[in-house]
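Notes for the one structure printed next.
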Amino acid sequence: MEFKTATNRRLSNAASTGLYGTGVGGAGGGASRLSLYQVAPCVEVSIEEFEQFALDRLRVLKAIEENRARGRRLEEVEAVVNDLWRKHMRTPNAADAHNKDMISHFVLRLVYCRTEELRRWFLGMETTLFRQRFRSETPESQRRFMEECKLPYKAINTTEFEAVKDKLGQVARSLNQPLPTGMVPFEEVPELVASRRVFLQRGNAFVPRDQLVAIVSNHFRARLSKALVLTNRKWTATIAEEEKDRLTPIVEALSTRYLGPDYSQLKSKTTIGLQDLDSLAQRSFPLCMRHLYTKVKEDHHLRHGGRQQLGLFLKGAGLKLEDALAFWRAEFSQKMGVEKFDKEYSYNVRHNYGREGKRTDYTPYSCMKIIMATPGVGDHHGCPFRHFSQENLHAVIGGLRLNAHTVDDIMGKVRNHHYQLACAATFEGVHGCQCDGINHPNQYFEQSQKVLNPQLKSGGDDLDLSLQGMPVVPNS
Amino acid sequence: MGQQQQQEGPVPMEEDVKMETTAEDSRHLQHGFSPDYLKLYYGRLFPFAEMYKWLSYGNDGKHPGCDPSFIARREFSFTLEHDIYLRYLSFHDASEMEATIRAKCPHKIDIGAVYNVEPAKRTAYSGAGSDRVFSPVERELVFDIDMTDYDDIRNCCSGADICLKCWPLMTIAIKVVDTALRDDFGFEHILWVYSGRRGVHCWVCDARARRLTNEQRTSITDYFRLYKGNENTAKKVSLVAASLHPSLLRAYTDVCRPFFEDTILLNQSLLTPEGNYERVLDLVPDDAVKTNMRDRWQENRRSSAAREDVNASRWRQLKQTLESKQKGQALRRCVEEIVFSYTYPRLDMEVSKHMNHLLKAPFCVHPKTGRVCVPIDPQKCETFDPTTVPTLSQLLNELNENEAKHSSINNGSKTRDLEKTSLGRAVHFFQTSFLDPLLQASKAEVAAAYQEKLHESASRPTLNW
Ligand code: SF4
Ligand SMILES: [Zn+2]
């Protein structure tokens, strides 16, 4: 990949798109590598860089998500994040690294500002990324960073310390933690206040060193959260329209961009047969697909969104076109007769397999895309964890015969909007084995097959996107 | 003005006021309340000027930095006769507020948050895609402490009733919370108000408190939360740490222990009838100690010093046993747990957690008791007696008597009606110990914010996403 610096196409013509703020160039050098991303960089970016930088950062964020989903310990995540950062965010010229960091962050802000769901995801991942990066700075550069950002942290001097030494001791002893070294306004540390894990005096909370990371990342989070809402306003008010021929399509595509393995091609040997569908649906389909499958069997019909979601999934799972046609025909014709089906619906099936129309081979939907869908009345597509009411979901999960603890765990994750984590927990409950996180219904399916048919060989394991090397399932 | 009758789902309010109507009017009179009296009260006594000044927080138009829309963005809500409930009212100025209250004669006035737009016009902003979603921007940090939350430890009365035997629980709550708000959180402008019946309200009005996020509000209420559990768990205060948090230690030594030993223990006869002492023993996690105590107490001998209160001597016995016990670890915190269970404040958490929660305004009249919601001086809260708080009928009587006395000497004096009654003292206290210092601070803040804005706009960088 080559990086073009200044092309004629300046990324943002004037402050309207706002990539200009105070410059970060010039002095550059010695400043801390970290940033709170308060001001967008004033640099020229080519469209190619715009997209490439964003994709590189997105790879880091997605990998963080997966590592979190796997319940890795902090130190492990930290190590991975540092590696990933080095791997994806490296620039040929070290001096450009900071720019790439800034540009990619601000581009993804645009991408992820547009719905509550996207904002929440971006906020979570960026905060984790920031926390890990801050953690690996030296104490000296951490201090410098906090000063530069005017974070409300103050080291306590000896007189101040002596005055409250006893009380600090009481708190430290009862919690088995080191003595505080600094103070922050109590507003900064709500969790510590809530659990009485700090000494408070006249509005100041006395915090030990190891709390710094939490405080600084809370700040980061709060600022980014506000900024995202503002960006969203600007996006809807002006940017989307002004950039509709240039940036808007890129931005819109980026948010549903799926970075995992490619399920669009029928992998040569990966096929499933029509006769196995019932049992596969029972045992290996994720809830979203199981639901659609059950519905089409029950109603002998599915509306467009459902047909696409299930149809492409089946294709990705290895159902051949002829079998797909047979499947849909068998169901739909019960309601409408074969002729009507052949006339009105078979085109669509063939289309999805790239045999009609533009002849593009359509890609099975990723979880992100399914979760972002907005199914209406009478629609059955979407992700049950996201789109079902609590009661309905509970009933469905109840039907899986999981133990009560797992059910609680799943419902808890759903309440916290961690739909994919809930799906992974469901996988674990159903299969009785660990799951590395769910990103794609086809990945769920293939992992399930791997567990149920262990004799089948699995593919490689690439760190980049961890879920990647999906096993190949031969026709049985 | 956009008033309309609204029933917008469950409304967050600090207590459930059910207004009875005509059938009970005769009783209301005895209790000092009637809608007619209320009209007179709003007409002649209610301290509109002070309330308006308070809620303006220095935005009185006298400084270029004043925000003229500030008070107009404050939500008020009224409960009228027959439980008619009006939410999202707002007033542009003092006279509109005064006129509306007089005209509607609300049985209860609630104060809500300051929103980003005028609550009365909120619907204009609520449409999808609207740039400004109607949302609260600031709000006093408020607390509601209600005697009904102490029912499991009151042996004198229950439910909505209160008496001088249980009222000290409120005194303790005020002392503990007030001290912590000042010493721990650094707040200064704190108003305590009698809720008119069975509890107290607290308004923390510092600018810093008004700008707390919901998360920060929740953290403060949790900081005050010791009492956990429900009907089905006996042990409701659990202290697990090796030493008490400094804030708890201060509450324990300065307030809870002395009040427990000198007042609550005796007032509530915690250790005399078997039913009562069993509830205390439930909090002891050691069966040997329990049996030992039961053996000594069941005989009901007044063996030791007969002159000493039985409760006090039994408490001494229990304390000695618990503290001498070699087991240490498990029982170490037991004495403190018992004391805290019977004294530590119990806040109604929900009221404090959210910015948009409503709370009854000071100087309202409670329709059941007829008592005015007067401020309480936290420094003298042990002398506050809820049974002598002026009632509506009493105030009107005072007014009549005063006028009868002075009608002959009509010297055209301009004494406010309110000063002719015992409400005068309450309003005076509100003004001098709360409002004056608050307004001084608020005006300084308005000026400082203005300076900063000038400064900032001079050195503002360009737009940014
Ligand atoms: S998380 Fe993904 S695989 Fe699981 S149910 Fe939702 S969309 Fe399907
Ligand atoms: Zn009582």
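Going residue by residue through the stretch A:322-344, is there one that turns out to be outside any helix (DSSP H, G or I), surrounded by 16 or more Cβ atoms within 10 Å (Cβ to Cβ) and not small (Gly, Ala, Ser)? No, that holds for no residue.
Per-residue answers, yes or no, for (1) among the charged types (D, E, K, R); (2) without any contact (Cβ under 8 Å) to a residue 60 or more places away in the chain; (3) surrounded by fewer than 18 Cβ atoms within 10 Å (Cβ to Cβ):
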residue	(1), (2), (3)
A:Arg73	yes, yes, yes
A:Asp83	yes, no, yes
A:Phe145	no, no, no
A:Glu148	yes, no, yes
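When the residues of the stretch A:235-248 are filtered to those that are at the interface with another protein chain (Cβ under 10 Å from one of its Cβ atoms) and within 25 Å of the chain's Cα centre (by Cα), the one that is most open to solvent (accessible area, probe 1.4 Å) is A:Thr236.
The residue of the stretch A:397-413 that is surrounded by the most Cβ atoms within 10 Å (Cβ to Cβ), among those that are of a type outside the set (Asp, Glu) and free of Cβ contacts under 8 Å to residues at least 12 places away in the same chain, is A:Gly412. Given the structure, is B:Lys360 at pLDDT 90 or above, of a type outside the set (S, T, N, Q) and closer than 30 Å to B:Ser77 by Cβ? Criteria met by B:Lys360. When the stretch B:169-182 is limited to residues that are in contact (Cβ under 8 Å) with a residue 40 or more places away in the chain and open to solvent by 20 Å² or more (accessible area, probe 1.4 Å), the one that is nearest to ligand 1 (Cβ to nearest atom) turns out to be B:Thr179.
Restricting attention to the stretch A:371-396, and to residues there that are within 11 Å of ligand 1 (Cβ to nearest atom) and in a helix (DSSP H, G or I), which single residue is most open to solvent (accessible area, probe 1.4 Å)? Don't jump to the end; show me each part of the working.
Applying the first criterion (within 11 Å of ligand 1 (Cβ to nearest atom)) to the stretch A:371-396 yields A:371-373, A:381-388, A:393, A:396.
Narrowing the set further to residues that are in a helix (DSSP H, G or I) leaves A:371-372, A:384-387, A:393, A:396.
Numbers: A:Ile371: 11, A:Met372: 55, A:Pro384: 4, A:Phe385: 5, A:Arg386: 84, A:His387: 58, A:Leu393: 2, A:Val396: 56 Å².
Only one residue fits best here, namely A:Arg386.
Applying the selection to the stretch B:123-140, what residues are at pLDDT 85 or above and either within 16 Å of ligand 2 (Cβ to nearest atom) or not aromatic (Phe, Trp, Tyr) (or both)? Correct list: B:Ser135, B:Pro136, B:Val137, B:Glu138, B:Arg139, B:Glu140.
Per this entry, A:Lys450 is counted among residues that are touching a Pro at 6+ places or on another chain (Cβ under 9 Å), at pLDDT 85 or above and open to solvent by 60 Å² or more (accessible area, probe 1.4 Å). Could you check the stretch A:176-193 and list, in sequence order, the residues that are open to solvent by 60 Å² or more (accessible area, probe 1.4 Å), within 30 Å of A:Arg223 (Cα to Cα) and at the interface with another protein chain (Cβ under 9 Å from one of its Cβ atoms)? Once the filter is applied, which keeps residues that are open to solvent by 60 Å² or more (accessible area, probe 1.4 Å), within 30 Å of A:Arg223 (Cα to Cα) and at the interface with another protein chain (Cβ under 9 Å from one of its Cβ atoms), the stretch A:176-193 yields only A:Glu191. Restrict the check to the stretch B:142-156 and report whether at least one residue is within 14 Å of chain A (Cβ to nearest Cβ), modelled with pLDDT of 95 or more and away from ligand 1 (no atom under 16 Å from the Cβ). The answer is no, given that none of the residues of the stretch B:142-156 is within 14 Å of chain A (Cβ to nearest Cβ), modelled with pLDDT of 95 or more and away from ligand 1 (no atom under 16 Å from the Cβ).
Among the listed residues A:Asn99, A:Asn157, identify the single one that is more than 12 Å from chain B (Cβ to nearest Cβ) and under 30 Å from A:Thr248 (Cβ atoms).
From the options A:Asn99, A:Asn157, the qualifying one is A:Asn99.
For residues in the stretch A:194-225 being small (Gly, Ala, Ser) and open to solvent by 20 Å² or more (accessible area, probe 1.4 Å), which is nearest to A:Asn176 (Cα to Cα)?
Restricting attention to the stretch A:194-225, the residues satisfying the condition of being small (Gly, Ala, Ser) are A:194-195, A:203, A:205, A:214, A:217, A:222, A:225.
Among the residues that remain, those that are also open to solvent by 20 Å² or more (accessible area, probe 1.4 Å) are: A:194-195, A:214, A:222, A:225.
On the way: A:Ala194: 18, A:Ser195: 14, A:Ala214: 18, A:Ala222: 29, A:Ser225: 33 Å.
It comes out as A:Ser195.
Against the list (1) open to solvent by less than 10 Å² (accessible area, probe 1.4 Å); (2) away from every other protein chain (no Cβ under 12 Å), the condition B:His189 fails is (1). A:Lys269 fulfils the conditions (1) in contact with a helix residue (DSSP H, G or I) (Cβ under 9 Å, 6 or more places away or on another chain); (2) loosely packed, with under 15 Cβ neighbours inside 10 Å; (3) at pLDDT below 75 except for a single criterion, (1).
Identify all residues within the stretch A:223-234 that are of a type in the set (A, V, I, L, M, F, W, C) and within 11 Å of chain B (Cβ to nearest Cβ); write none if there are none. The answer is A:Ala227, A:Leu228, A:Val229, A:Leu230.
Just so you know, in the stretch B:209-228 the residues that are more than 7 Å from chain A (Cβ to nearest Cβ) and charged (D, E, K, R) include one that is most open to solvent (accessible area, probe 1.4 Å), and it is B:Arg211.
Look at (1) within 14 Å of chain B (Cβ to nearest Cβ); (2) not in a strand (DSSP E or B) and you find that A:Phe220 fails only one, number (1).
The values are calculated or read from the model by the stated rules, or taken from the named source; none is laboratory data. What you are looking at is a predicted structure, and each value in this text was computed from that prediction instead of being measured. Please note: Cβ atoms are built from the backbone with ideal geometry, for glycine as well, and neighbour counts cover all protein chains shown. Just the protein is used for accessible areas: all its heavy atoms, side chains included, with ligands, DNA and RNA removed. Shrake-Rupley method; radii C 1.70, N 1.55, O 1.52, S 1.80 Å.
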